[in-house]
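Before any comments, here is the structure.
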Amino acid sequence: MAFVNIQAVASGSLAGKAADQRIQALEQSKRLELEARQKALEAKQQQLAGGANLLADAARVQLQIEIDRDTRNLSRWQEDAQQELEGLSEQLKAEFFARLQAVTERVMKEKKIDFLFSEQSGLGWHASDVDLTQELIRALDAVGVESPAR
């Protein structure tokens, strides 16, 4: 048996650091774009506030329509940016754990380890020859999908 701190592996490995850098780069890019969009909206709001008496009614109404549209678009853009960040994070996490699993299995075989416990989740990895998952699935499938008796 052995133990691993998966957080330490993620933060200390090159793969984990590269994933973190990709996320930070996307966050920075989105932050800069957000600031630019907010400044453009603020400029229109200031134009409306400062020139309310100077603008013709049609120009004032048009500017208010643009401000309302830009406000909605900014809100949608922020939601999309958040989803994009979350999607990238999940993708990178999945890629990292796929790599980690392959490496962990190899190391476990080399060191003749059957069980690997992690700080985060208790039983983290185990030797594939002691995995009863598929056998249990077949046994459950053989029983059927009926509700248990009460």
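Between the amide H of LEU55 and any residue lying 5 or more places away or on another chain, no distance stays under 5 Å, with hydrogens modeled in the peptide plane. In sequence order, the stretch 91-97 has phi-based couplings of 4, 5, 5, 5, 5, 4, 5 Hz under the Karplus curve 6.51 cos²θ - 1.76 cosθ + 1.60, θ = phi - 60°, and Gly or Pro positions carry x. The stretch between ALA2 and GLU66, if pulled fully straight at 0.36 nm per residue, gains 16.9 nm over its current Cα-Cα span.
No value in this document is a laboratory result; all are computed from the given coordinates. Owing to the predicted nature of the structure, the values given are computational and were not obtained by experimental measurement.
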